[in-house]
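First comes the structure, then the notes that go with it.
The values are calculated or read from the model by the stated rules, or taken from the named source; none is laboratory data. The structure displayed is predicted, hence computed values, not measured ones. Here the Cβ positions follow ideal geometry from the backbone for every residue, glycine too, while neighbour counts run over all protein chains shown.
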Amino acid sequence: MIILSALHKSFENRPVLRGLDLDVSKGRSMVVVGPSGAGKSVMLKCAIGLSQPDSGTVTLDGTPMTASSRASLMPRTGVLFQGAALFDSLTIWENVAFELLRQLSRPQARATAIEKLARVGLEADTADRLPSQLSGGMRKRAGLARAIASNPQLMFFDEPTTGLDPVMAGKINRLIREVVTELGATALTITHDITTVQTVADDVAFLWNGAVRWTGAAATLQTATDPDLRAFLAGRSASK
Amino acid sequence: MTFALRVLAALGRMVLRALRGVGAITIFALSTLRHMVTPPFYPRAFLAALMQIGWLSLPVIGLTALFTGGALVLQIYAGGARFDAQAVVPQIVAIGMVRELGPVLVGLMVAARVTTSIAAEIATMKVTEQIDALVTLSTEPMKYLTAPRVLAGTLTVPVLVAVGDTIGIMGGYGVATNSLGFNAAAYLRATVGFIEPLDIVSSLTKGAVFGFIATLMGCFYGLRASRGAMGVGLATKGAVEYAAVLILAANFALTSAFFAQ
């Protein structure tokens with residue numbers, strides 16, 4: 001379960017989050033959409049403990065996110081970053097097994113990493129390559145393999161299809177849907193890509209001006225009446 | 001009056017900014033020391049840093065020391081000839097290399113080669129969210145990125161200094177015996193007989209301190225890089241500038257501590 005309550009965050013006196021509330025029920029996949037500058041990335045950084053809100057609380061699976069609880073919450077989470085954020089100096093398998101190497105021997109961790117790579121459609125021969133030797137889509141898959149390596153119960157996806165062609169974007173969206181369902185994880189995705197909403201979301205939230213403007217089941221999105229959400233879905237600029 | 005106040009205010013802001021910088025670097029250094037002695041440790045990252053800072057710096061350190069030693073002999077010989085003191089060339093080259101030129105040149109070369117590389121690498125990691133990824137993978141960036149590099153720098157730069165001192169002296173020896181007519185055995189005897197244990201201790205201590213400064217500044221500026229390619233450039237520039245200045249300031253302080261009468 002992911003609960004964000006009354007989050008406020010400003011940068012140099014410019015408010016970005018203005019009392020944001022969001023609940024993601026256990027085992028559900030919530031996709032947050034909204035125009036650029038609405039506060040999606042800042043919200044996600046607060047949710048995963050990379051940024052401290054000025055006020056408000058983040059609760060993950062019943063545990064409030066604080067500086068001291070973050071260390072215990074991180075092993076339960078998996079994050080796919082926008083650019084995959086693979087470590088340049090490590091091979092793909094070492095990236096995927098980064099967390100596993102603390103508990104397993106190198107051969108065991110490598111075997112698990114290759115398993116996870118296979119799960120996201122990457123062949124075993126990619127395991128010993130460096131991130132710079134892979135295409136954008138392959139890097140994103142490797143990032144997804146790293147995110148699911150320790151079977152997390154909480155998953156976060158930051159603009160998972162940015163920079164990908166429509167075919168690859170579709171594949172990544174389907175993979176995300178599959179792995180989240182397999183793990184029974186609670187997932188929070190931010191995106192401006194409507195195809196991600198269609199494939200990944202159980203529930204959708206529309207972020208507008210630092211707060212949640214509309215939320216509902218993904219199936220009800222097209223019938224929503226909020227004018228700004230309608231404008232966003234239609235690809236028009238909305239009133240500010 | 002208003003103008004004078006404005007100047008004073010600007011000066012005050014500058015001093016405050018400088019003090020904030022000193023404070024931030026001090027806190028960063030103390031935090032690095034804490035992470036160096038508390039688990040978890042990352043031996044692979046440490047070995048990679050040893051390789052990068054120590055082994056791969058050897059060629060450039062060796063060449064720099066060799067040419068500097070050769071040039072030093074020529075300068076001291078020419079200067080000494082003015083008052084008929086050519087005989088002290090081996091002693092002055094030895095003391096100059098071991099006490100001053102060896103450590104300072106190695107420190108500055110490490111700053112040029114290693115500080116920039118560390119700052120650029122970590123800053124790039126920052127702008128591509130790799131540092132954020134480390135955090136989400138339950139890894140403290142200071143422990144994984146900073147502690148191994150700073151420890152490796154502190155341990156390897158004294159070795160580089162020892163190598164640089166030796167090669168510098170041998171560069172001088174080569175020039176002195178081949179071009180200036182010095183007797184090879186007498187030159188070596190004069191060199192070895194003149195250097196005292198304190199000279200070597202000061203040289204290696206300077207190496208350790210310069211290694212600490214060079215790697216620390218690379219990590220400090222890398223981790224503080226702002227977003228974008230410009231952030232990487234600024235981090236690299238700031239790291240090498242401040243590392244060089246701090247190395248020279250530390251050199252003065254250490255020379256005073258060891259040798260001031």
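The figures follow:
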| item | result |
| --- | --- |
| Helices (runs of 4 or more DSSP H) (entirely within segment A:81-154) containing at least 3 residues that are in contact with a Leu (Cβ under 8 Å, 6 or more places away or on another chain) and either more than 11 Å from chain B (Cβ to nearest Cβ) or over 19 Å from B:THR128 (Cα atoms) (or both) | A:106-119, A:136-148 |
| Any pair with Cβ under 7 angstrom, 6 or more apart, that starts in segment B:190-202 at a residue that is farther than 15 Å from B:LEU101 by Cβ and ends at one that is buried (at least 18 other Cβ atoms within 10 Å of the Cβ) | B:ALA190/B:PRO90; B:PHE194/B:ALA94 |
| Leading residue by the ranking (nearest to A:LYS9 (Cα to Cα)) among those in segment A:44-56 that are more than 10 Å from chain B (Cβ to nearest Cβ) and buried (at least 21 other Cβ atoms within 10 Å of the Cβ) | A:PRO53 |
| Residue pairs meeting the criteria (Cβ under 9 Å; at least 6 apart or on separate chains; first closer than 28 Å to B:TYR221 by Cβ, in segment B:1-22; second surrounded by 10 or more Cβ atoms within 10 Å (Cβ to Cβ)) | B:GLY21/B:TYR242 |
| The one condition in (1) among the small types (Gly, Ala, Ser); (2) assigned to a helix (DSSP H, G or I); (3) within 14 Å of chain A (Cβ to nearest Cβ) that B:ALA65 fails to fulfil | (3) |
| Exclusive hit being assigned to a helix (DSSP H, G or I) and either without any contact (Cβ under 8 Å) to a residue 60 or more places away in the chain or in contact with a strand residue (DSSP E or B) (Cβ under 8 Å, 6 or more places away or on another chain) (or both), set B:VAL161, B:VAL110 | B:VAL161 |
| Checklist (1) out of contact with any helix residue (DSSP H, G or I) (no Cβ under 6 Å at 6 or more places or on another chain); (2) hydroxyl-bearing (Ser, Thr, Tyr); (3) not in a helix (DSSP H, G or I) applied to A:THR189, failing item | (1) |
| Of the criteria (1) of a type in the set (A, V, I, L, M); (2) surrounded by fewer than 24 Cβ atoms within 10 Å (Cβ to Cβ); (3) within 11 Å of chain A (Cβ to nearest Cβ), which one B:ALA120 fails | (3) |
| First in segment B:240-253 and aromatic (Phe, Trp, Tyr), second anywhere and modelled with pLDDT of 95 or more, Cβ under 6 Å, 6 or more apart | B:TYR242/B:MET217 |
| Segment B:124-144: number of residues that are more than 7 Å from chain A (Cβ to nearest Cβ) and of a type in the set (Asp, Glu) | 1 |
| Qualifying positions in segment A:112-148 - surrounded by fewer than 17 Cβ atoms within 10 Å (Cβ to Cβ) and of a type in the set (A, V, I, L, M) | A:ALA118, A:ALA124, A:LEU130 |
| Members of segment A:198-240 found to be crowded, with 20+ Cβ neighbours inside 10 Å, in a helix (DSSP H, G or I) and in contact (Cβ under 8 Å) with a residue 40 or more places away in the chain, listed by number | A:VAL200, A:PHE232 |
| Failed item, numbered, when B:GLY193 is tested on (1) more than 14 Å from every other protein chain (Cβ to nearest Cβ); (2) at pLDDT 95 or above | (2) |
| Some residue of segment B:155-174 being within 14 Å of chain A (Cβ to nearest Cβ), out of contact with any Asp or Glu (no Cβ under 6 Å at 6 or more places or on another chain) and within 30 Å of B:HIS35 (Cβ to Cβ) | no |
| Residues within segment A:15-55 that are part of a strand (DSSP E or B), touching a residue at least 24 places away in the same chain (Cβ under 8 Å) and charged (D, E, K, R), tallied | 2 |
| Answer from B:THR68, B:THR26, B:THR64 - the residue that is closer than 18 Å to B:ALA239 by Cβ and among the hydroxyl-bearing types (Ser, Thr, Tyr) | B:THR26 |
| Residue that is farthest from A:LEU4 (Cα to Cα), among those in segment A:57-79 that are assigned to a strand (DSSP E or B) and more than 10 Å from chain B (Cβ to nearest Cβ) | A:THR63 |
| Scope segment A:71-80; condition surrounded by fewer than 24 Cβ atoms within 10 Å (Cβ to Cβ) and within 17 Å of the chain's Cα centre (by Cα); matching residues | A:LEU73, A:MET74, A:PRO75, A:ARG76 |
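Residue-by-condition table, conditions (1) closer than 27 Å to B:VAL163 by Cβ; (2) modelled with pLDDT of 95 or more; (3) in contact with a Lys or Arg (Cβ under 7 Å, 6 or more places away or on another chain); (4) loosely packed, with under 10 Cβ neighbours inside 10 Å:
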{"site": "B:MET14", "(1), (2), (3), (4)": "no, no, no, no"}
{"site": "B:HIS35", "(1), (2), (3), (4)": "no, yes, yes, no"}
{"site": "B:GLY70", "(1), (2), (3), (4)": "yes, yes, no, no"}
{"site": "B:PHE83", "(1), (2), (3), (4)": "no, no, no, yes"}
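Let's see how each residue does on (1) within 22 Å of B:LEU246 (Cβ to Cβ); (2) part of a helix (DSSP H, G or I):
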site	(1), (2)
B:GLY12	no, yes
B:VAL15	yes, yes
B:GLY21	yes, yes
B:MET36	yes, yes
B:PHE41	no, no
B:PHE46	no, yes
B:LEU50	no, yes
